[in-house]
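Since every read-out is calculated from the coordinates, none of them should be taken as a lab result. Bear in mind the structure is a predicted one, so any value in this text is a computation, not a measurement. Virtual Cβ from ideal backbone geometry, glycine too; neighbours counted across all protein chains shown.
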Amino acid sequence: MEHITSTPTMKVPAERFTGDVYLNMIEAPTEPARLAAGLVRFTPGARTNWHSHANGQVLYVTDGVGLVGTRDGSVVRISAGETVKCPAGEEHWHGATDTTLMSHIALVVGDDNGDGTVWLEPVTDEQYDAALTNS
């Protein structure tokens, strides 16, 4: 058994997110399991860039209301207690609504190169506004 008391909160890299987003790492992807887990907090309007994961991603919302969008224009409005599963390779984004904070636990299983995430371009304001309207 290992007891991990607390991890420092860090602001996430601006080149991968729009707005203010904060992370507390729960588990880094190490052998043999390669699980990466983090508590991610989004301020209103904050969101990830488009990205995908080699082995998919699970998002469990702990607080607030948020959005998850995919390249085909599908958008899911998510609330505390709900889970979204993004399949391997699916380009998607997630973040808070424009009026509400959102926190989630993000879970990914890494690959030989780390957490298996491929970061892409920012979600435009137009894409975000459309997601707000269509969710």
Just want the ordering: 83, 48, from fewest to most Cβ atoms lying within 10 Å of their own Cβ.
83, 48
Rounded, prolate or oblate: pick one for segment 11-55, where a ≥ b ≥ c are the square roots of the eigenvalues of its C-alpha gyration tensor, a/c under 1.5 means rounded, and failing that, prolate if a/b is larger than b/c, else oblate.
prolate
Most exposed first, judged by fewest Cβ atoms within 10 angstrom, 104, 3, 92, 51 run 3, 51, 92, 104
What whole-number distance in Å separates the alpha-carbon centres of segment 59-95 and segment 1-17?
20 Å
Contact order normalised by residue count of the chain, Cα under 8 Å, 6+ apart, percent:
29 percent
Expressed in Å to one decimal, the Kirkwood Rh of the chain from all distinct alpha-carbon pairs is 14.9 Å
Cα gyration tensor category, rounded, prolate or oblate, for segment 59-125 with a/c compared to 1.5:
oblate
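Can you put 115, 72 in order of Cβ neighbours within 10 angstrom, beginning with the fewest? The partial results should precede the final answer.
Values: 115 19, 72 8.
Taking fewest neighbouring Cβ atoms as first place, the list is 72, 115.
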